Ligand SMILES: [Zn+2]
């Protein structure tokens, strides 16, 4: 296959003596050298060049925007500046870098994908689980708590659904688990000559339980500590040292549960 007169060739990759043409999904041609593809990529397999054959054209599934960046990682030049590119393009570039094993691009994309965790947790979670970045998957998964389940399942690849749902269910059960933790405990401070029996624990417990019921899972993730502190202040819990000791232990337990178990406990990432 050889380019026709109306072929659009990327101006950055238009070597006259190129020995292979890469055609993007949207039809743009990139005239490049086999030796560069072989030197900078483990995963790109160019078809063999036959004797006296016209220059070979290879059709790829990536867009020209992705290939224009990726191919700049595959020749002797400065790496392209990708810090300000749109996230969708970055995600596609990261995917292509992994697919063709372009190591220089893999590392850089990984850094910028990590920067997208809070704004694009589902896309980064998909990327992290697919390519085995367990720490990144854990970081992303916590940001998906409280999101609409249907939206999450639409965005995540099917092979991740079960592990994410298990993680989600664990979070849904967290309020019940926390309320069971201290439900049987009461402050036993009895009345003595100087003070009445303590009644604050029940009120404190009720306030925490009410916050759990009223606030969503996302609030529990982000505000766990403040839910307890607000309830402590509202019930003047500091008047009773025994109540404060119980509340501190409960709060520390709750805060520790926010990050445990991690998402990868439920996945194979
Ligand atoms: Zn008390």
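Readers should treat all values here as calculations from the given coordinates under stated rules, not as data from a laboratory. If you're wondering where the values come from, they're calculated on a predicted model, not measured in any experiment. No Cβ is skipped: glycine too gets one built from the backbone with ideal geometry, and neighbour counts run over all protein chains shown.
What does the extension gain come out to for residue 229 and residue 260, with contour length at 0.36 nm per residue minus their alpha carbon separation?
Details: separation 31, 0.36 × 31 = 11.16 nm, distance 2.10 nm.
Result: 9.1 nm gained on full extension.
Can you tell me what share of the DSSP beta bridges in the chain is antiparallel? A percent to the nearest 5 is fine.
On the way: 4 of 10 bridges.
Once the DSSP bridges in the chain are tallied, antiparallel ones form about 40 percent.
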Using a basic spin-label model with each label point 7 Å from the Cα along Cα→Cβ, how many nm lie between residue 39 and residue 87? 3.7 nm
What distance in nm separates the two pseudo spin-label positions at residue 76 and residue 214, each 7 Å out from Cα along the beta-carbon direction? 6.8 nm
Out of 218, 83, 150, any idea which swings most in a Gaussian network model of the chain, alpha carbons joined below 10 Å? 150
Taking a ≥ b ≥ c as the square roots of the Cα gyration tensor eigenvalues, with a/c under 1.5 meaning rounded and otherwise prolate when a/b beats b/c or oblate if not, the chain comes out prolate
